[in-house]
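Input: a single structure, listed below in C-alpha cells.
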Amino acid sequence: MTEQEIKKELLAKFKEVFGYDNGVKVYFAPGRVNLIGEHTDYNGGHVFPCALTIGTYGAVAKRDDKKIRFFSLNFEKIGVKETSLSDLTPSDEAGWTNYPKGIVWALEKRGMLPDTGFDMVIFGNIPNGSGLSSSASLEVLTGFILRDLYGLDLTNIDLAVIGQYSENNFNGCNCGIMDQFASAMGKKDNAIFLDTSDLSYEYAPIKLAGAKIIIANTNKKHKLTDSQYNARRQMCEEALAIFQTKLDIKGLGDLSAEEFEANKDMLKDPDMQKKAKHAVYENIRTKDAVEALKAGDIEKFGKLMRQSHESLRDDYDVTGIELDTLAEEAWKIPGVIGSRMTGGGFGGCTVSIVKDEAIENFKETVGKKYLEKIGYEATFYTVEIGDGPRVID
Ligand code: GLA
C-alpha cells in the first residue's frame, strides 16, 4: 500500500469508528534497524541505527472533553479502547494502548498534560514481533502528534527521551534510547552514529555502491524478551558498580580494551565478565565500523558485523538458534559482506549487507537452510532508509 492509500484507509476507519471526520490529521513515525552497536545503549556506548520507511501511522483529532479513545487497524477485533486524562495507569487489559497512554503519562510528569483528550486510529506496517521497533515508533508517533496538536515545546530528541522514559517507567521495559532516538531523528539514506552517554550524534550517509541492506525476519513467535533484556541490563549495571569502586567511569562504554583487560578480574562472576566484555568491545567495534564506513572500507564493516554477532551469541547470549542460523548461513554465501542479529535479540531479525548480484542466491539459500533447520520460513526485506516522524499531507 502507498502512503496515500494508508492515509485514505485510516481516515475512512476513523469516520466509521468514531463517527466524525472533521479536524482529523494523519501522521507517521518510522521503525528502525540497527547496523551495529547492540546492547551498548544502556551502557553509555555507541549505536549506529537508521530509520526505516515502514513504521506506524496515526489518524488523530482533539476532543472537547478529557476522554482518550484508541483503535488499531492491526487489532481490529480488540475494538475501541477508552481511557481518560485522569486515568493514566498501565494495565494488561489496555494491551497496545499502554504505549500511547504511557506518552501522555510521561508528558504529565513533565507538566505538559494536554488540556483535552483525543481520538486516535493507528496502523503499523512493521511486521509484528520483528524487533524493528514498532513500539518505539508508536511512542514517537504519539509524542509527535501531541506536540503538534497541543503546541508543546519539545524537540525531536525530547520526544525520544519521553518515549524511553515511558517505556521504562510505564511499560516496564528498561530499554536504552536507541530505538526512540532512531525513530525521532531518522534521516533518509543516513544512519545515526549516536553516543548514548551524552546523546551527541552525527549522520553518516549510507551509500553502498553495488550492495543493499537486507533484513531477514526469523518470524519466531512468543518472545519473552523483556525479562531477559532487563536481566542483561541489570548484570551490566552490577559490573559497572564493581568497576566504579576503582575506576572513574560513568558507563562500560567509557572503558578501552586495555582498561577492560587490566581490570576484568575485578568481576569474579565469569558470566558477568562475559557480559561486560561484550558491552566494552561492541562499543569499540561500533566506533571502528563507522570509521571503516567513512573510509569506504565496507569489507571491514562487514567483518565487524560478524564479530558483533559472534559476541552477542557467545558472550552476551541473546541470539538463539533462529538468529544464529540466519547469520551463520549468510556468512557462507559469496557476496555477503556482513550479517548479524539486530535489536534486542532472542528472535526478531538479522541485518545483512549483500552485493546486488548475490541477493537472490542469499535469500534462496539462507531461506532454504532456515526452513530445513527451524521448520518455518524466514522473510526477507530490502531496507530503505527513511526520515523521522512527519505529518502526512
Ligand atoms: C532493544 C532496546 C534498545 C537496545 C537494543 C539492543 O531494541 O529497545 O534500547 O538496547 O534492544 O541493542
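Below is a table of values for the structure above.
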| item | result |
| --- | --- |
| The listed residue being loosely packed, with under 15 Cβ neighbours inside 10 Å and either farther than 30 Å from Cys236 by Cβ or in contact (Cβ under 8 Å) with a residue 40 or more places away in the chain (or both), out of Thr2, Thr40, Thr83 | Thr2 |
| Whichever residue in segment 289-324 is in contact with a Ser or Thr (Cβ under 8 Å, 6 or more places away or on another chain) and among the basic types (Lys, Arg) and, among such residues, is surrounded by the most Cβ atoms within 10 Å (Cβ to Cβ) | Arg313 |
| Unmet criterion (only one of (1) touching a helix residue (DSSP H, G or I) at 6+ places or on another chain (Cβ under 9 Å); (2) over 30 Å from His278 (Cα atoms)) for Val33 | (2) |
| Filter result (open to solvent by 40 Å² or more (accessible area, probe 1.4 Å) and of a type in the set (Asp, Glu)) within segment 129-157 | Asp148, Asp153 |
| Residues of segment 292-312 satisfying the condition of being free of Cβ contacts under 8 Å to residues at least 12 places away in the same chain and more than 23 Å from the chain's Cα centre (by Cα) | Ala295, Gly296, Asp297 |
| Given (1) in contact with a Phe, Trp or Tyr (Cβ under 8 Å, 6 or more places away or on another chain); (2) in a loop (DSSP other than H, G, I, E, B); (3) without any contact (Cβ under 8 Å) to a residue 60 or more places away in the chain; (4) not polar (S, T, N, Q), index of the condition Gly176 fails | (3) |
| In segment 92-123, the residues that are within 20 Å of Asn156 (Cβ to Cβ), open to solvent by less than 10 Å² (accessible area, probe 1.4 Å) and either without any contact (Cβ under 8 Å) to a residue 40 or more places away in the chain or in a loop (DSSP other than H, G, I, E, B) (or both) | Pro114 |
| Single match in Thr342, Thr379, Thr365 (criterion: within 11 Å of Ala216 (Cα to Cα) and open to solvent by 20 Å² or more (accessible area, probe 1.4 Å)) | Thr379 |
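Residues are listed down the side, and each one gets a yes or a no for (1) touching a Gly at 6+ places or on another chain (Cβ under 7 Å); (2) within 15 Å of the ligand (Cβ to nearest atom):
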{"position": "Ile36", "(1), (2)": "no, yes"}
{"position": "Gly55", "(1), (2)": "yes, yes"}
{"position": "Ala61", "(1), (2)": "yes, no"}
{"position": "Lys67", "(1), (2)": "yes, no"}
{"position": "Asn74", "(1), (2)": "yes, no"}
{"position": "Leu88", "(1), (2)": "no, no"}
{"position": "Asp92", "(1), (2)": "no, no"}
{"position": "Leu146", "(1), (2)": "no, no"}
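The values are calculated or read from the model by the stated rules, or taken from the named source; none is laboratory data. All of these numbers come straight from a predicted model, not from anything done at the bench. Don't worry about glycine lacking a Cβ; one is built from the backbone with ideal geometry, like all the others, and counts go over all protein chains shown. We work out accessible area using only protein heavy atoms, side chains counted, and drop any ligands, DNA or RNA first. Shrake-Rupley method; radii C 1.70, N 1.55, O 1.52, S 1.80 Å.
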